[in-house]
Structures are given as structure tokens and as C-alpha cells.
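The values are calculated or read from the model by the stated rules, or taken from the named source; none is laboratory data. None of the values given here were measured: they were computed from a predicted structure. Methodologically, a virtual Cβ is constructed for each residue, glycine included, from the backbone with ideal geometry; neighbour enumeration extends over all protein chains shown. Calculation scope for accessible area: heavy atoms of the full protein, side chains included, ligands and nucleic acids excluded. Shrake-Rupley method; radii C 1.70, N 1.55, O 1.52, S 1.80 Å.
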Amino acid sequence: MKRVLSVLLAAVIVLSLMGCSAEKYGAGVDAKIASVKVKDIFLDNSAIGRKVTVAGKISSQCGSNGCWFVLQDDTGQVFINLGPNNMTLPPRMNKTATVTGIVY
């Protein structure tokens, strides 16, 4: 009986960890929007006002309630403001994130 409980517990732990790997906050990433590099946002003035998707690592984050973070890829970094949408993000420093939003 102990062996069966150990196997079941191990299975529950594995399934729980698998569920944690696909965290989603807000509306999620818009699959219809092509991904761009951070440098493209700064070099292309037509990006202002457009919706873009960017991926990278969270290099800095609001310490009080997770209302903003800095996303960094291999070309630069961009400030992501969650406040206007009343969103917050739990501590995710050095985690990979993919974000869809409007460039301002």
C-alpha cells in the first residue's frame, strides 16, 4: 500500500510541475501578431501605436506589486507597463516571458 501511495504522490507532483510551466497572465499572447526583437521597436517608428509580440527574460520588476517589468532579449530591453490594465505579475525575475501589447 505504501508503494502505491508513493507512486501516486510522485505522479501528482509531476503533473503539478507540468502545469506550472505554462503560466498565463492577462489575455495571453496573440498568435496572430508576429514576434519582433526589442531593437525593431526602437528602430521602426511605425511600431508606435501598433500591437507587437516580444519575448525575452525579465531583467527587472516592480518590487511592490509587480505592476511593471523590464523585458530583455539579445538586442535590448523594453519597459512593460501593466498598470494601465490593472494587472500585476508575481515575482518572475530571470524568467522567460512572451508579451503582446501596444507600443507607446
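Please determine, by comparing only the residues of segment 80-91 that are touching a strand residue (DSSP E or B) at 6+ places or on another chain (Cβ under 9 Å) and farther than 17 Å from residue 29 by Cα, which one is modelled with the highest pLDDT. If we take residues in segment 80-91 being touching a strand residue (DSSP E or B) at 6+ places or on another chain (Cβ under 9 Å) and farther than 17 Å from residue 29 by Cα, then 91 is modelled with the highest pLDDT. For segment 33-55, the condition holds for no residue, the condition being that it is within 16 Å of the chain's Cα centre (by Cα) and among the acidic types (Asp, Glu).
Pairs are defined by a Cβ separation below 6 Å, a sequence spacing of at least 6 or placement on different chains, a first member in segment 59-87 that is charged (D, E, K, R), and a second member that is open to solvent by less than 30 Å² (accessible area, probe 1.4 Å); the pairs so defined are 73/38; 73/56.
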